[in-house]
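Presented below is the structure to which this report refers.
The values are calculated or read from the model by the stated rules, or taken from the named source; none is laboratory data. No experiment lies behind these values; they were computed from the predicted model shown. Because the Cβ atoms are built from the backbone with ideal geometry, glycine has one as well, and the counts that use them run over all protein chains shown.
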Amino acid sequence: MQQWIFIKHWRDHQMANLESNFLGIKSPNPFWLASAPPTDKEYNVRRAFEAGWGGVVWKTLGEEGPPVVNVNGPRYGAIYGADRRLMGLNNIELITDRSLETNLEEISRVKKDYPNHAVIVSIMVPCEEAAWKTILPRVEATGADGIELNFGCPHGMSERGMGAAVGQVPEYIEMVTRWCKQYYSKPVIVKLTPNITDVRQPAAAAKRGGADAVSLINTINSIVSVNLDTMSPEPSIDGKGTHGGYCGPAVKPIAMSMVSEIARYPETKGLPISGIGGVTTWRDAAEFMSLGCGNVQVCTAAMTYGFKIVQEMISGLSEWMDEKGHTNIEDFVGQAIPNTTDWQYLNLNFIAKAVINQDDCIKCGRCYAACEDTSHQAISMSEDRVFEVIDGECVACNLCVNVCPVENCITMVEMPNGEIDPRTGKVVEPEYANWTTHPNNPSATAAE
Amino acid sequence: MSETSFTPGVVAGRLEADSYDSQFSDLHPLLDGHEALVASDRCYFCHDAPCITACPTAIDIPLFIRQIATGTPDAAAKTILSQNIMGGMCARVCPTETLCEEACVRELAEGKPVLIGQLQRYATDHLQQQGIHPFERAEPTGKTVAVVGAGPAGLSCAHRLAMLGHDVVVLEPKAKSGGLNEFGIAAYKTTDGYAQAEVDWLCQIGGITIQYGQALGADLTLSDLQGQYDAVFLSIGLGGVNALGLAGEDKDGVLDAVEFISDLRQADDVALLPIGRDVVVIGGGMTAVDAAVQAKLLGALNVTLAYRRGRDRMNASKFEQDLAASKGVRIMTHVVPVGLHGNGAVREIEFEYVNDDMSGTGQMVKLQADQVLTAIGQVLLDEGLPALKGRKIGVDDTGRTSIAGVWAGGDCATGGDDLTVTAVAEGRDAAMDIHKALAGSSNGKS
């Protein structure tokens, strides 16, 4: 039965407008389905749009001719929480295994019927100009809104010199991007692999090639499990396994760090970013966007829970935007970038101490075990299980907060200026001072 | 079957024949593998965990739960059984709500403790259902110890002694081993013959011989045992029951709850057990609740549990009280029985309402009763025992009695609550002390 969200009828609804304009491509919201099995065919994409998704990146097309073949055994492996909550997913599926012609026809039909939704076509053809020159006009003819270059797929296709094999060589990225800008008139998004040492280099190469945006991350090289009976990595195909691409909630921190590096790097600063990697809730999306992503792409959450999950993303983001007074998503995109800095610029005069709220404490002693065994011996334990912070030892490392099962039972409280830190015996100074000027730094720049 | 719950008097077969199995089915069915993973994930692995302190046998609960969580329930079982060889039974019958689960920090935090008892059963059942006995005996010591009474204390002591290399002869007056596990606990707490299965499993260690029909006082004397064995452990339980001290106590229909429970546990077909239409159970402990609930399960129409003080003073835990209430038992407090009426068979019981300090109020109440079950405490039968302290055999922390070479534990001895788990701990600890004592003495007695 049809169900409605009716955000505009919420009693406390203010002005939040979730419409997204990414590279001039408009979509009803910033939630796109990433290039992956959910976007492999017309049937799925139509249903995704009906469910509320703002856009899709169609599953990667290869060149004309016999399509790739997939394995006929398991393609996925997973990491679970105790209640089989899926924390991470790994796959060894290749690009679309349907014919180019079929895909192009379906893309045309879908775009025609959904003019207000974003339809992006992911492409992966050999690293030869002719191959790109051949396919791009045919993609352009579908009326799709843009293309995404799959330079990230880490398994299978990379063995054939495509996917991550291209994405790991900045020069190839620049070259192919340039061909695409030459033979295709609409926006070109370059999808980056995380399987490299410095994600800023491929991003800069894409920009030099003329890319309109980058999207990241693609999946991470991974073996999710080994069957200890058969001694085969999983998923296991006839007793053998291979590395796959890791995605899902577990990869989000890695993806966000890479996004932030590109957003802060002088050569790539301002280059639009489509954020990918473990986006599972509206909050994940808002975090990616605060680090500079104009929109987000989702796959694992949809594969785990179905298309309907976008309803939570839409309602949650809308509610949060209302609460914060944001009327458009541009209002908060990139807001966290100025606060993302290098370690050397962190304020060393900021001093905090852990404080345990005894009313909330359930006396499990995890803070004590963590601090006593593995940190700074800064928590005491009485015979009747009262746990207290020893300010003279506490370095405010936050481990007690992280291991405490009760939210907000332990907090880090900033010491006021002028007080004496009992650990160091020094007065808490009001001025900002970082490592670059610290007397212990042999290369301090302005110590005097 | 023509009888129903409405049939007056004491009759069998009040329920449909095929409903008895479900009436007496497992109170807490075994968790499945996934349920166990989810339940175990709730454990915080507390430092110096309060649940361990609360367990009379001091099982390392966070460790065994983590072993379940990481997919090694058999390792969890070994952790449990190393500390408590009857961990399987304790998982079923322990009042966890007043022991480990009461101490669980999640009880404090949310009122929802980790399901320690059910997880313990998951682990021990997992191991035992494979027929695995995980312990091996040490080299024989040549010593033989007599254990009197094959209940939890005696069997725990026997197993530990056997493991340490001693031979053990268990002397049991009844024709079956297990003690209260076999005779004295509600059927729905230990289904499918688990009590006997556990004894058989426990005895797989080897070196334990059980001789039946051997009662201290009748068939054996303590001095004979001392002459024949290197050491003696007394775990004879409490053989007697307190009497109401009222006229008419000998009327038909008045019986002690221990006997009622024992008959029920030993019945091949509980449908054949006669039960009253109006049953009154007197007492406020676990035995009273076990009797009252089972009377209800047998099809009694009205079951009243009558206790002389308030519910907060009952020895039965709140969980047990709630269980009784949920099964339809009426809990009546602040009443003491003053008369049993009836011609030959009891027909009515009369109570006086009393204040918290047990002073009478002068107000009387009569209840129809065709069965009165008394559960007002069990007593030690002194058959030439070591010195008593109060009404039990006096022992020190290691179970030593006033007589050298004689140890005691379980319900017959001082110290701890009368619980299976306490008995297991006392038997185990006495075994360790006996082992220590025997290590210093010469081999065997003639």
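What the table shows:
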| read-out | value |
| --- | --- |
| Residue satisfying all of: in region B:21-44; among the hydroxyl-bearing types (Ser, Thr, Tyr) and not in a helix (DSSP H, G or I); nearest to the other protein chains (Cβ to nearest Cβ) among these | B:TYR44 |
| Residue in region B:194-210 that is under 23 Å from B:GLY394 (Cα atoms), assigned to a loop (DSSP other than H, G, I, E, B), in the same structural domain as B:PRO152 (by TED's automatic domain parsing) and more than 16 Å from the chain's Cα centre (by Cα) present | no |
| Some residue of region A:387-398 being over 36 Å from the mean Cα position of the chain (by Cα), touching a residue at least 24 places away in the same chain (Cβ under 8 Å) and within 14 Å of chain B (Cβ to nearest Cβ) | yes |
| Any hit, region B:75-87, residues being under 23 Å from B:THR191 (Cα atoms) and within 14 Å of chain A (Cβ to nearest Cβ) | no |
| Test: residue in region A:42-58 that is outside any helix (DSSP H, G or I) and among the charged types (D, E, K, R) | no |
| Single residue of region A:221-256 satisfying the filter (touching a residue at least 60 places away in the same chain (Cβ under 8 Å) and either among the acidic types (Asp, Glu) or touching a helix residue (DSSP H, G or I) at 6+ places or on another chain (Cβ under 6 Å) (or both)) that is surrounded by the most Cβ atoms within 10 Å (Cβ to Cβ) | A:CYS247 |
| Set A:VAL226, A:VAL251: member being at pLDDT 95 or above, part of a strand (DSSP E or B), of a type in the set (Val, Ile, Thr) and under 23 Å from A:TYR76 (Cα atoms) | A:VAL226 |
| Flag if B:ILE68 is part of a helix (DSSP H, G or I), crowded, with 21+ Cβ neighbours inside 10 Å, of a type outside the set (D, E, K, R) and within 14 Å of chain A (Cβ to nearest Cβ) | yes |
| In region B:74-115, the residues that are in contact (Cβ under 8 Å) with a residue 60 or more places away in the chain, in a helix (DSSP H, G or I) and over 22 Å from B:ALA425 (Cα atoms) | B:VAL105, B:ARG106 |
| Any hit, region A:168-188, residues being at pLDDT 95 or above and either within 23 Å of A:ALA336 (Cα to Cα) or out of contact with any helix residue (DSSP H, G or I) (no Cβ under 9 Å at 6 or more places or on another chain) (or both) | yes |
| Filter result for the condition that a residue is surrounded by 18 or more Cβ atoms within 10 Å (Cβ to Cβ), touching a residue at least 40 places away in the same chain (Cβ under 8 Å) and part of a helix (DSSP H, G or I), over A:VAL121, A:VAL110, A:VAL125 | A:VAL110 |
| Any hit, region B:96-112, residues being within 21 Å of B:LEU419 (Cβ to Cβ), among the polar types (S, T, N, Q) and in contact with a helix residue (DSSP H, G or I) (Cβ under 6 Å, 6 or more places away or on another chain) | yes |
| Qualifying residue in region B:11-20 (condition: closer than 30 Å to B:ILE116 by Cα, at pLDDT 90 or above and away from chain A (no Cβ under 13 Å)) | yes |
| Among (1) under 30 Å from A:ALA396 (Cα atoms); (2) part of a helix (DSSP H, G or I); (3) of a type outside the set (Lys, Arg), the one test that A:ASP322 misses | (1) |
| Test result for A:ALA354, touching a helix residue (DSSP H, G or I) at 6+ places or on another chain (Cβ under 7 Å), within 14 Å of another protein chain (Cβ to nearest Cβ) and more than 30 Å from A:ALA16 (Cα to Cα) | no |
| Members of region B:69-95 found to be touching a helix residue (DSSP H, G or I) at 6+ places or on another chain (Cβ under 7 Å) and of a type in the set (D, E, K, R), listed by number | B:ASP74, B:ARG92 |
| Matching entry among B:CYS90, B:CYS55, B:CYS51, B:CYS46 (being out of contact with any Phe, Trp or Tyr (no Cβ under 9 Å at 6 or more places or on another chain), under 30 Å from B:PHE260 (Cβ atoms) and not assigned by TED's automatic domain parsing to the domain that holds B:SER156) | B:CYS90 |
| Residue match in region B:317-331 (condition: in a strand (DSSP E or B), under 30 Å from the mean Cα position of the chain (by Cα) and not hydroxyl-bearing (Ser, Thr, Tyr)) | yes |
| Lone unmet requirement of (1) more than 13 Å from every other protein chain (Cβ to nearest Cβ); (2) farther than 23 Å from B:ALA295 by Cβ; (3) over 22 Å from the mean Cα position of the chain (by Cα); (4) not in a helix (DSSP H, G or I) for B:HIS47 | (1) |
| Test: residue in region A:350-369 that is assigned to a loop (DSSP other than H, G, I, E, B), in contact (Cβ under 8 Å) with a residue 60 or more places away in the chain and surrounded by fewer than 17 Cβ atoms within 10 Å (Cβ to Cβ) | yes |
| Qualifying residues in region A:364-386 (those that are more than 8 Å from every other protein chain (Cβ to nearest Cβ) and small (Gly, Ala, Ser)) - the one farthest from the chain's Cα centre (by Cα) | A:SER382 |
| Qualifying residue in region A:68-87 (condition: in contact with a helix residue (DSSP H, G or I) (Cβ under 7 Å, 6 or more places away or on another chain), buried (at least 19 other Cβ atoms within 10 Å of the Cβ) and part of a loop (DSSP other than H, G, I, E, B)) | no |
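For every residue, the table says whether it meets (1) away from chain A (no Cβ under 14 Å); (2) crowded, with 23+ Cβ neighbours inside 10 Å.
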site	(1), (2)
B:ALA109	no, no
B:GLN120	yes, yes
B:THR124	yes, yes
B:GLN129	yes, no
B:GLU139	yes, no
B:THR144	yes, no
B:CYS157	yes, yes
